[in-house]
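The values are calculated or read from the model by the stated rules, or taken from the named source; none is laboratory data. Note that the structure is a prediction, hence the values are computed from the model and not measured. Cβ placement follows ideal geometry from the backbone for every residue including glycine, while neighbour counts extend to all protein chains displayed.
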Amino acid sequence: MRQISLGVMMHADELEGVLPIATNFAEPELSPQRIWVTALARFLGNREVFLCPSASNAQFGGDWANRSWHPIGYNGATTFDPRGVEGATTKPKLVGVPEPSLAVLFADTPSGPIDKKYRGYVFSPKNGKRNRFDSRRSTPLISDRDLVAEMSSKQPSQLKPVMARHGANGDDTGRSNLVMADGHVATRTAASILRQAQGANLVWDFRRE
């Protein structure tokens, strides 16, 4: 996670503050620029930094067809779609992220076959528990269990959870590693994240147009 954080900062420095794009819908599906992995890979080089040693069912998936295998996901709030259908019509910038020390860019995610509805390269801040006082603090689906497997009746777009796999025992006391927008790396339990303002108090849904 620390290397990924470094890659994000290098990317922003080189491109006048522009963040990597989770999914770039301006690019065709066969383009290596379609997902965020390619944008960071050129700064990092080593594919191992995109993997988590604790994720048993994971592999490097640097393109659209293999995006489901990534065990570290990027915040879907950084998605770019010039049509305004799947994401924002402007590219994400670091300066536009509120409360950067609390804003989550990357987290651990469940990975697996794409036909089983895994989308490990990304998590969605819009699919979980809503915060009625501050929508930015609405949380993604998160557990220390594999929610893709548990909620398999849902569509892939309704899933894209975070998985707190570290120290997981099924009661949400497992932890996820997190890369924050100010560059530091943190770790939080699923339970503390789900408590929102009474717990980790993190910012997830930070894109507004």
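Just to be sure, is Glu99 surrounded by 15 or more Cβ atoms within 10 Å (Cβ to Cβ) and free of Cβ contacts under 8 Å to residues at least 12 places away in the same chain? For Glu99, the condition - surrounded by 15 or more Cβ atoms within 10 Å (Cβ to Cβ) and free of Cβ contacts under 8 Å to residues at least 12 places away in the same chain - is not met.
Search region 13-32 for residues being part of a helix (DSSP H, G or I) and modelled with pLDDT of 95 or more, and hand back the single one that is nearest to Met1 (Cα to Cα).
Here the answer is Asp13.
Among the residues of region 55-74 satisfying the criterion of being among the hydroxyl-bearing types (Ser, Thr, Tyr) and at pLDDT 95 or above, which is nearest to the chain's Cα centre (by Cα)? Give the steps one after another, and end with the answer.
Filtering region 55-74 down to residues among the hydroxyl-bearing types (Ser, Thr, Tyr) leaves 56, 68, 74.
Going one step further and asking which of them are at pLDDT 95 or above, we end up with 68, 74.
Values: Ser68: 12, Tyr74: 3 Å.
That would be Tyr74.
Pairs meeting the criteria (first residue in region 65-81 and in contact (Cβ under 8 Å) with a residue 12 or more places away in the chain and more than 16 Å from Cys52 (Cα to Cα), second residue of a type in the set (Asp, Glu) and not in a helix (DSSP H, G or I), beta carbons under 9 Å, at least 6 apart or on different chains) are Ala65/Glu29; Asn75/Asp205; Ala77/Asp205; Thr79/Glu86; Phe80/Glu86. Consider Ser5 carefully, then state whether it is within 15 Å of the chain's Cα centre (by Cα) and touching a residue at least 24 places away in the same chain (Cβ under 8 Å). Answer is yes for this residue.
Within region 21-38, how many residues turn out to be in contact (Cβ under 8 Å) with a residue 60 or more places away in the chain and not small (Gly, Ala, Ser)? Within region 21-38, residues that are in contact (Cβ under 8 Å) with a residue 60 or more places away in the chain and not small (Gly, Ala, Ser) number 6. Let me confirm something: among Ser68, Ser56, which residue is polar (S, T, N, Q) and part of a loop (DSSP other than H, G, I, E, B)? The conditions single out Ser56.
Yes/no matrix, rows are residues, columns are (1) assigned to a loop (DSSP other than H, G, I, E, B); (2) surrounded by 15 or more Cβ atoms within 10 Å (Cβ to Cβ):
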residue	(1), (2)
Lys126	yes, yes
Arg132	yes, no
Val148	no, yes
Ser157	no, no
Gly170	yes, no
Ser176	no, yes
Val179	no, yes
Gly183	yes, yes
Phe206	yes, yes
